[in-house]
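Reading through the structure tokens given below for one structure.
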Amino acid sequence: MTFDLSFRGGPGSYRWWYLDAISDDGEKALVAIFFIGSVFSPHYARRRDSGEIAHPEDHIAINVALYEKGRRVAWVFSEYGRHALTLAKRRLRVEKSALSYNENGGLEIDIDDITVARRKRLNGLIRVEPLEAPLTKDYVTLADGHEWRAHVPRARVTANFRGFDFSGTGYHDENRGIEPIEKGFSSWSWGRFHDGPGTRVFFDTESRGTRTVSTIETGGLVNSEKHAARIVRPSLSNWLLPVPTSYVGGRSANGSLRIVQPTRVIDRAPFYVRFLASSARDPGAPLTLGMAEHLSLERTTRPIVRRMVNLRLALPELGYFGRIP
């Protein structure tokens, strides 16, 4: 496997590296994301909106979430300036945390940062051993100027944090774009499932008034089709965010829709919900547990939502550590 962490994005662009994993018993989960051009940063957005030339390297970030029994037990979302970024072909460092690839395509993620609001140091090591080659040879275009690739669609993941030991199966991908993500999408739903020996990823997105469902599966199978726009009621449990009750995860071998059903919400915010979900590859097949999210990118442009997001992130260099853990 070949990986290149070099970055050549222009103003307003982004690139992020994402890892999630679910424990073998389904009771624990973790997510770790490294950003260059933090797509959800209200500070990056404010500079763009004011007409400044906002460079992504000036808004790098790390986000780590640990979950147990449906409850978030640790939350890091720290944003830094460019001096905290160290970038090499196989290694990315954000302040004291680092993501490194080895020659076999595996990863080590060393976390050393401060939790939002509680100001406690979170130290831990995540090891990722690939069990499957990348789903596609090249990046997949999700919308003009926005691309995705699953570098490690299935992996054995172990992690050690104080009070949180983890062993399970995980997934690692990358997203990148040449413009702010909200310009490419108004809403974004996605999920990943390990179906038997293979992996299935779906994207259910709305872009410029068009809804597209794309699925990418083991063997490089890529399918994309248009669907009618969703009509969704606001959720009283999620800041009136319209959250779909189910999602389209592509089509089965006989052409029927694969329905993705949320089973346990593990995180909520004013513009997104993260949940464990179940879906079957084919009718009658056993349900598979996977990770999924729904985001309203249109909401991230609203001033009140940006203020709420600011409460959930930290700017350690400025001595600001957020208010909502």
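If you check Ser13, Ser23 for being within 27 Å of Gly124 (Cβ to Cβ) and polar (S, T, N, Q), only one passes: Ser23.
Of the strands (runs of 3 or more DSSP E) lying entirely inside the stretch 187-266, the ones with 1 or more residues being under 24 Å from Gly168 (Cβ atoms) are found at 187-195, 198-207, 210-217, 247-251.
Scanning the stretch 294-325 for residues that are closer than 19 Å to Arg47 by Cβ, part of a loop (DSSP other than H, G, I, E, B) and over 20 Å from the mean Cα position of the chain (by Cα) yields a single hit, Arg302. Of all residue pairs spaced 6 or more apart or on separate chains, those with beta-carbon atoms under 7 Å, a first member in the stretch 280-294 that is within 16 Å of Phe203 (Cα to Cα) and a second member that is of a type in the set (Ser, Thr, Tyr) and in a loop (DSSP other than H, G, I, E, B) are Arg281/Ser252.
Within the stretch 188-200, work out how many residues are over 18 Å from Trp16 (Cα atoms) and either surrounded by fewer than 20 Cβ atoms within 10 Å (Cβ to Cβ) or among the polar types (S, T, N, Q) (or both).
Here the count works out to 5.
Before we move on, is Glu95 out of contact with any Asp or Glu (no Cβ under 6 Å at 6 or more places or on another chain), among the acidic types (Asp, Glu) and surrounded by fewer than 17 Cβ atoms within 10 Å (Cβ to Cβ)? Criteria not met by Glu95.
In a strand (DSSP E or B) and farther than 16 Å from Ser235 by Cα: does that describe Ala277? Taking the combined requirement at face value, the residue satisfies it. The requirement of being over 27 Å from Leu125 (Cα atoms) and part of a strand (DSSP E or B) is fulfilled somewhere in the stretch 162-183, by at least one residue. Of the strands (runs of 3 or more DSSP E) entirely within the stretch 1-98, those holding at least 1 residues that are over 30 Å from Val265 (Cβ atoms) occupy 85-87, 91-94. Read through the list (1) surrounded by 21 or more Cβ atoms within 10 Å (Cβ to Cβ); (2) touching a residue at least 40 places away in the same chain (Cβ under 8 Å); (3) among the β-branched types (Val, Ile, Thr), then give the number of the only condition that Ile60 fails. For Ile60, the failing item is (2).
Every read-out reported here was derived from the displayed coordinates using simple, explicitly stated rules and does not represent laboratory data. Source: prediction; values computed, not measured. Note that we place each Cβ from the backbone using ideal geometry, even for glycine, and neighbour counts take in every protein chain shown.
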